[in-house]
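First up is the structure itself, then whatever we jot down about it.
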Amino acid sequence: MMFEAMNEIGGTIIIVLDEIDTLGDDDRILYSLSRARAQDYVEDHVYPSIIGISNDLQWRDNLSPKDKSSLYDDSVLFSPYDATQLQQILRRRAAKAFCDTELIPIDEVANHPNQKDDPIETNRSDQEYLSRSNVLADDVIPLIAALSAQDTGDARQAIKYLRKAGELADKDDEEQVSSAHAREAQALVERETIVEAMREMTTQAHLALAALTALELSGDAPVRATPIYGVYKSIASTIDADKLGQRRFKDHLRELDMQGIADGEKVTAGSIGGPAWEYQLQVDTEIAVEVLKDTARFADIDFQRISSERPDP
């Protein structure tokens, strides 16, 4: 159906695959698209092109050699925001979201040379603004921008910190948002983000998390993928879930690593085994267990018992 539609449209057709790394080892779609003209899937007047979007810089390593050779790909890297850029974004958002907070055109401020200590913003027309707030302490926005820049450089993350800091100050009936509120907001948002990400995972991702959690509780982490896979199969049997092959299972471990739920580290296994990976949880085991227990299929899992059995992979 897709190729029929492409023939009807004609010309250069750009297909955008967001989160392209989630294809895992099933990369048939990439091979089909990149070879569409050679395989006569599309007519001569159709020129397919692919844009793949991913946060995983190593996603291409999972592709088969034939797919790598057929893509003829180029990479474009979008750098994270730095602290200065994040401050500019946050001040504009703060001016809309907080009382007694505004951006004032600098040419409307009397004696503005004496206002040199106030943060100055510019818009796309290079109009300069002074940033003023009676409810945000002077160090709040610079602190939040620095915290986010050091972590991900993601504007959405910084905005969440600022919003949560305002909510905390309001809850405490404070007249001003302080740096203490900002730091508390960071901790709360990080926990909420991780918990939400864990709750929204698929059953197979939950199985990978459950296996790693069991080994973490038994004191075996950091641990290599093969022992985790053995525990994974045991838990899958307990809840009557399908068992993936080890290669596909490793994709779920890498996904946990990319989300910051687990930490994967490449280690040397020796001259025979070659490079290998070890994994451990990056979140508190109590949080992982709480999320899994709230999932119906995992509610009755005894992590300690399963990890102590240590089944063969």
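The values are calculated or read from the model by the stated rules, or taken from the named source; none is laboratory data. Computed from a prediction, not measured in an experiment: that's the story for all the values here. Because the Cβ atoms are built from the backbone with ideal geometry, glycine has one as well, and the counts that use them run over all protein chains shown. Just the protein is used for accessible areas: all its heavy atoms, side chains included, with ligands, DNA and RNA removed. Shrake-Rupley method; radii C 1.70, N 1.55, O 1.52, S 1.80 Å.
Considering segment 179-208, and only residues there that are under 22 Å from the mean Cα position of the chain (by Cα), small (G, A, S) and surrounded by fewer than 19 Cβ atoms within 10 Å (Cβ to Cβ), the residue that is farthest from D139 (Cα to Cα) turns out to be A197. Among the numbered conditions (1) closer than 21 Å to I194 by Cα; (2) touching a helix residue (DSSP H, G or I) at 6+ places or on another chain (Cβ under 6 Å); (3) among the β-branched types (V, I, T), the only one that I261 does not meet is (2).
Close contacts from segment 7-21, counting a first residue that is under 21 Å from D73 (Cβ atoms) and a second that is part of a helix (DSSP H, G or I), with Cβ to Cβ under 7 Å and a gap of 6+ residues or different chains, come to I13/M6; I15/L33; I20/W59; D21/W59.
Can you confirm whether D18 is charged (D, E, K, R) and on the phi > 0 side of the Ramachandran plot? No: the conditions fail for D18.
Pairing residues of segment 150-168 that are under 13 Å from F98 (Cβ atoms) and touching a residue at least 12 places away in the same chain (Cβ under 8 Å) with residues that are open to solvent by 30 Å² or more (accessible area, probe 1.4 Å) and among the aromatic types (F, W, Y), at Cβ distances under 7 Å and at least 6 apart in sequence or on separate chains, gives G166/F98.
Would you please name the residue that is modelled with the lowest pLDDT, looking only at residues in segment 209-224 that are among the aliphatic types (A, V, I, L, M) and surrounded by fewer than 23 Cβ atoms within 10 Å (Cβ to Cβ)? Top of the filtered list is A221.
Restricted to segment 77-100, and to residues that are in a helix (DSSP H, G or I) and either touching an Asp or Glu at 6+ places or on another chain (Cβ under 7 Å) or of a type in the set (D, E) (or both), which residue is surrounded by the most Cβ atoms within 10 Å (Cβ to Cβ)?
R91
When G245 is tested against the conditions (1) at pLDDT 90 or above; (2) surrounded by 13 or more Cβ atoms within 10 Å (Cβ to Cβ); (3) among the small types (G, A, S), the lone failure is (2).
Would you call I104 open to solvent by less than 100 Å² (accessible area, probe 1.4 Å), modelled with pLDDT of 85 or more and of a type in the set (A, V, I, L, M)? No, not satisfied. The number of residues in segment 1-53 that are of a type in the set (V, I, T), open to solvent by 80 Å² or more (accessible area, probe 1.4 Å) and outside any strand (DSSP E or B) comes to 2. Pairing residues of segment 189-200 that are in a helix (DSSP H, G or I) with residues that are of a type in the set (K, R) and open to solvent by 100 Å² or more (accessible area, probe 1.4 Å), at Cβ distances under 7 Å and at least 6 apart in sequence or on separate chains, gives no pairs at all. Scan segment 83-96 for residues that are touching a helix residue (DSSP H, G or I) at 6+ places or on another chain (Cβ under 7 Å) and more than 10 Å from A146 (Cα to Cα) and the total you get is 5.
Selection within segment 228-242: residues that are in contact (Cβ under 8 Å) with a residue 40 or more places away in the chain and under 17 Å from D257 (Cα atoms). The member of this set that is surrounded by the fewest Cβ atoms within 10 Å (Cβ to Cβ) is Y229.
Among the residues examined, F78 does not qualify as within 30 Å of R163 (Cβ to Cβ) and at pLDDT 85 or above.
Test of understanding: among A211, A221, A276, A241, which residue is over 20 Å from the mean Cα position of the chain (by Cα), in a strand (DSSP E or B) and not charged (D, E, K, R)? On inspection, the qualifying residue turns out to be A276. Only residues that are farther than 27 Å from L244 by Cβ and among the hydroxyl-bearing types (S, T, Y): list them for segment 1-44, please. Across segment 1-44, the qualifying residues are T12, Y41.
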